[in-house]
Amino acid sequence: METFEFIEFEESGPTATVWLNRPPANAVSQDMYVELKQFFDNVDKYLPDARVVVVAGRGKHFCGGNDLEEFKTLSPENSPARMKQVREAFFSIRDSAKPTVAAVQGAAVGTGLCIAASCDLVVAAENARFSLPEVNVGVMGGAKHLSRLVPQGMVRLMHLSGDMVPAADIYKFGGIVEVVPNDELMTRAQALADSLARHSPAALRFAKLSMNTIEYMDLESGYEYEQSLTGELSGYEDSKEAVNAFLERRTPHYTGR
């Protein structure tokens, strides 16, 4: 199995934690983008038993953004290849087979905000701060990811100002599940992951696929797609086990099949 320079991971029963680890602030380099894509494209290989994954940052900050040193050499000629690596890393998190919970402390700016918003759910420490500082450093990007956390008016304010916004200000819009004391962040994020992981791994995969697919669809098309997945999921043993366990008032025993 490959080793990673900037990613650490560990399984604990049906959940796992993936750590961004590039001191001092987990700023992401091009090489780290490649590692993120490699990991989340193959999350079943690296975390075969996990049903839900917590994404966290080592140290004081979740992620301090893109490595600004690399922007010095960015040009119209080399930007297409570099930007492709960036977006593929974000998309690999969003499209990974397992639901993800971002556990955010300290700074989540630019790339850090995009990584958090690429996760299915976000839990934030009281000291967490979010921003899109792209206008401050002469680049673009992140507004579309931010729109998964806050409404358009707030997206425009944050994108045009580049200012830091406390987690509590994003929480009120529903983009953050919970804001917790700093020293309770990982415990609470883990508890949320555990609550999700009690479900069938097959059902969780279908649910994530469904939500990703219907996110920007109209009501009729989206619901029709959801129904199609019901038909597909009904062929899994876990589907029948879920119904039988409910009717028999017992704890279900899922296999993922």
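Can you name the condition, by its number, that Arg87 falls short on among (1) more than 22 Å from Ala143 (Cα to Cα); (2) without any contact (Cβ under 8 Å) to a residue 40 or more places away in the chain; (3) not small (Gly, Ala, Ser)?
So the condition that Arg87 fails would be (1).
Only one of (1) touching a Leu at 6+ places or on another chain (Cβ under 7 Å); (2) under 27 Å from Phe206 (Cα atoms) is not met by Ala143, so which one is it?
Unmet for Ala143, out of (1) touching a Leu at 6+ places or on another chain (Cβ under 7 Å); (2) under 27 Å from Phe206 (Cα atoms): (2).
Take the residues in the range 199-257 that are surrounded by 14 or more Cβ atoms within 10 Å (Cβ to Cβ) and not in a helix (DSSP H, G or I), then tell me which one is modelled with the lowest pLDDT.
Per the criteria, the residue is Gly256.
Just name the residue that is surrounded by the most Cβ atoms within 10 Å (Cβ to Cβ) out of those in the range 69-92 that are of a type in the set (D, E, K, R) and out of contact with any Lys or Arg (no Cβ under 6 Å at 6 or more places or on another chain).
Arg82
Identify the single condition in (1) assigned by TED's automatic domain parsing to the domain that holds Val43; (2) part of a helix (DSSP H, G or I) that Ile176 does not satisfy, given that it satisfies every other one.
Failed condition: (2).
Tell me, which residue of the range 21-68 that is aliphatic (A, V, I, L, M) and over 15 Å from Ser96 (Cβ atoms) is surrounded by the fewest Cβ atoms within 10 Å (Cβ to Cβ)?
Restricting to residues being aliphatic (A, V, I, L, M) and over 15 Å from Ser96 (Cβ atoms), the top hit is Leu68.
The values are calculated or read from the model by the stated rules, or taken from the named source; none is laboratory data. These figures come from a predicted structure and were not determined experimentally. Every residue, glycine among them, receives a Cβ derived from its backbone with ideal geometry; neighbour counts consider all protein chains shown.
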